[in-house]
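A short worksheet on the structure shown next.
The values are calculated or read from the model by the stated rules, or taken from the named source; none is laboratory data. Note that the coordinates shown come from a computational prediction; the quantities given were computed from them, not determined experimentally. Cβ sites come from the backbone with ideal geometry, for glycine too, and all protein chains shown count toward neighbours. With ligands, DNA and RNA removed, areas are computed over all heavy atoms of the protein, side chains included. Shrake-Rupley method; radii C 1.70, N 1.55, O 1.52, S 1.80 Å.
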Amino acid sequence: MTGEDFERARLRHHGDAEAAPGLADFAVNVRLPRPPDWLRDRLAETLDGLGRYPGTEDELAARVAAADRHGRSPEQVLILNGAAEGFALLPRLAPRLAAVIHPSFTEPDVALLDAGVPLTRVLLQAEDGYALRPELVPDAADLVVVGNPTNPTSVQHPADTLRALARPGRVLVVDEAFADAVPGEPESVAGQDIPGLLVLRSLTKTWGLAGLRAGYALGAPELLAQLAAHRPQWPVSSLVLTAVEACCAPAAVREADIAAREGVAHRVALAAALAALPGVEVCGGAAGPFLLLRVAHGERVRRRLRDQGVAVRRADTFPGLDAEHLRVAVRPPEQAEVLLKALETVLREEGEQG
């Protein structure tokens, strides 16, 4: 394996690779193990129609629902096979220089590097709380990618800071895959009509749809047309269109907000309990449904947790982080206790051996 192949393999590593059957899963940031009953029922109703191709009326219904959810027009919505497809389509924009804000989700890097797009990484610093500093982004970058809240740091950047990155001739891609896990989505720019803005949204995390791949992009119609150029006919399935329409409905948005508020309480409790363990640092001011930790001998700790039946996400595959960093998904207290007990045991044994 060449150095370039090794780098690609690191960037393609995601939490699902850690979460083997039988392990308590703190590696994957999906809230539910399965969709809620009402969503399962909606998807099941779609099954009898799978003998026909997805129609334009089905696609329009999904786009209208997403548009209404964000105060946009349907022409400003592109339905995707998960937000990850949006990253895979970025080379269609033919950027001359891409800047990706890190530490962050790595699929944009993979897509851009595979397409031969020149890429620079803007590394945010732990001592700044991984705060976004627009002046660090090269003026020449005509494509900028940033997550909000950012995976894996869980930092939420102010909308004003994001807007400061926009400028004529630049596409600003804001990955809001976890925005609906923040109560009220106060820093979301999904509903804002900023020139060059492209927002990617995911339904995977909140609604337990990792196996379905459902999401959408928001942006100017001409930008979306360029992004979607050369997609195959019927690019998304009827199930995806149903999921988008259902999950963007007002009742679903209210349910997601209630879940987000519960998630904040769970995150605060888990962060406090983790910080009380000797040798564990909870990084930054978290806003998302996951926490970034720094633990001495993190790789060894991760492997020993696995031996204890607990999966956590290694974070050294994110540019700017090292093997002492681990990411853990926020879970309800009764589930989080499994992680806390296992980690306490591992750290105690590490101390005895050290």
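Summary of values
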read-out	value
Amide H partners (placed H, <5 Å) of Leu80, local residues excluded	Gly215, Tyr216, Ala217
For region 55-189, accessible area per residue (1.4 Å probe, heavy atoms of protein chains only), Å²	35 Å²
For Gly208, distant residues with modelled amide H under 5 Å away	Arg31, Leu32
Whether region 1-120 is rounded, prolate or oblate, judged on the alpha carbon gyration tensor where a/c under 1.5 counts as rounded	oblate
Unit charges on C-beta of K, R, D, E only; dipole of the chain, Debye	200 debye
Tilt relative to the chain, helix 56-70 - C-alpha long axis, 0 to 90 degrees, to 10	60 degrees
Ranked packing of 174-183, 119-128, most packed first, by mean Cβ within 10 Å	174-183, 119-128
Under Karplus coefficients 6.51, -1.76 and 1.60, residue-wise ³J(HN,Hα) of region 289-305 in Hz, glycine/proline x	x, 7, 10, 9, 10, 10, 9, 4, 6, x, 5, 5, 4, 4, 5, 6, 4
For region 185-229: rounded, prolate or oblate by the Cα gyration tensor [a/c cutoff 1.5]	oblate
Point-charge dipole on Cβ atoms (K/R +1, D/E -1) for region 201-354, about Cα centre, debye to 20	280 debye
Tensor-based shape of region 289-354 (alpha-carbon gyration tensor, a/c under 1.5 rounded, otherwise prolate or oblate)	oblate
Built amide H within the under 5 Å cut-off of Gly147, gap 5+	Asp175
Hydrodynamic radius by Kirkwood, which averages 1/r over all alpha carbon pairs of the chain, in angstrom	20.9 Å
Surface share of carbon and sulfur [accessible, 1.4 angstrom probe, percent] for region 173-326	55 percent
Burial order of peptide ranges 338-345, 250-257, 25-32, 143-150 (average beta-carbon count within 10 Å, highest first)	143-150, 25-32, 338-345, 250-257
